[in-house]
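Report on the following structure.
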Amino acid sequence: MFGHEKGAFTGADRDHKGLFEAADGGTIFLDEIGELPLGAQVKLLRVLENREIRRVGSPASLPIDIRVVAATNRDLGGMVRAGEFREDLYYRLNVGLIELPPLRERIDDLELLCAHFLAAFARRFALERPTLAPDVVAALQAYDWPGNVRELGNVMERASILARGGEIQLEHLPSELRGSPASSSLQSDEAAESELDLSLRTAEREQIRRALDSAGGRRVLAARLLGLSRRTLYRKLDKYGIR
């Protein structure tokens, strides 16, 4: 979060900006703030109070001008009472509170969220953007969504791969959304998982091919574009028979 100075520790061969310094003049988003250890909470409180950070290995502080947005799915007030979250940091963060209800309490947002996810996965997998069959929309709206929006994203990713750019049907959804007993849907789920695995391998192979084309065949650059180590890329090239 705070960066380091050159020589601050073994391997620190250059100065490095932390996230707070990089966000200077803008906004930093701290997700799952309730998971922050108590020791790090002290450091964060100091930044919010003093509006300055100190890089690891530096004796000097740097002023920063940032807006902080934090999110959590935990009850921070209850954590304060249990001694798991600092009370002073809680009140420092809780200046403007936005409570976002769970997905099951805002089903009217579901189709808009689905459209967002389907567009994103169509770009990722180089597919036509799929549509939702009417009975699929009804099944999505009837589900309780214990995993919230992240679960919806997972379901849309799976369905996008299985539908391959066509209309998403009930058969492309997990059994718990179709309202089918697990015992009667086991065989179809196994077939869907097999098809999903094949589709994922196909999508990965095409993504590697596109990266190699973009890199002019240079594997080191292709690995960097894909966010992979060279060893991992070489292993995947052998796996898919890409020369």
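The values are calculated or read from the model by the stated rules, or taken from the named source; none is laboratory data. Only a predicted model underlies this, so the values are computations on that prediction, with no experimental measurement involved. Please note: Cβ atoms are built from the backbone with ideal geometry, for glycine as well, and neighbour counts cover all protein chains shown. Accessible surface is based on the protein model in full, side chains and every heavy atom, while ligands, DNA and RNA are left aside. Shrake-Rupley method; radii C 1.70, N 1.55, O 1.52, S 1.80 Å.
What the table below lists for this structure:
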read-out	value
Qualifying positions in segment 153-180 - over 25 Å from Glu204 (Cβ atoms), open to solvent by less than 20 Å² (accessible area, probe 1.4 Å) and in contact (Cβ under 8 Å) with a residue 24 or more places away in the chain	Leu177
Residue ID - farthest from Ala22 (Cα to Cα), chosen from residues in segment 54-64 that are assigned to a loop (DSSP other than H, G, I, E, B) and open to solvent by 90 Å² or more (accessible area, probe 1.4 Å)	Pro59
Filter result for the condition that a residue is basic (Lys, Arg), open to solvent by 70 Å² or more (accessible area, probe 1.4 Å), closer than 30 Å to Leu226 by Cα and touching a helix residue (DSSP H, G or I) at 6+ places or on another chain (Cβ under 7 Å), over Arg92, Arg129, Arg123	Arg129
Residues located in segment 38-59, provided they are in contact with a Leu (Cβ under 9 Å, 6 or more places away or on another chain) and either of a type in the set (Ser, Thr, Tyr) or within 16 Å of Glu87 (Cβ to Cβ) (or both)	Gln41, Val42, Leu44, Leu45, Leu48
Out of Arg92, Arg123, Arg150, sole residue that is without any contact (Cβ under 8 Å) to a residue 24 or more places away in the chain, under 30 Å from Leu38 (Cα atoms), part of a helix (DSSP H, G or I) and charged (D, E, K, R)	Arg150
Hits in segment 95-120 (condition: assigned to a loop (DSSP other than H, G, I, E, B) and of a type in the set (Asp, Glu))	Glu99
Exclusive hit being open to solvent by 50 Å² or more (accessible area, probe 1.4 Å), at pLDDT below 90 and either over 30 Å from Val149 (Cβ atoms) or within 24 Å of the chain's Cα centre (by Cα) (or both), set Arg14, Arg51, Arg67	Arg14
Unmet requirement for Lys6, which otherwise passes all of (1) open to solvent by 90 Å² or more (accessible area, probe 1.4 Å); (2) assigned to a loop (DSSP other than H, G, I, E, B); (3) under 29 Å from Arg150 (Cα atoms)	(3)
Selection within segment 205-243 - open to solvent by 100 Å² or more (accessible area, probe 1.4 Å), among the basic types (Lys, Arg) and farther than 18 Å from Arg124 by Cα	Arg218, Arg219, Arg230, Arg231, Arg235, Lys239, Arg243
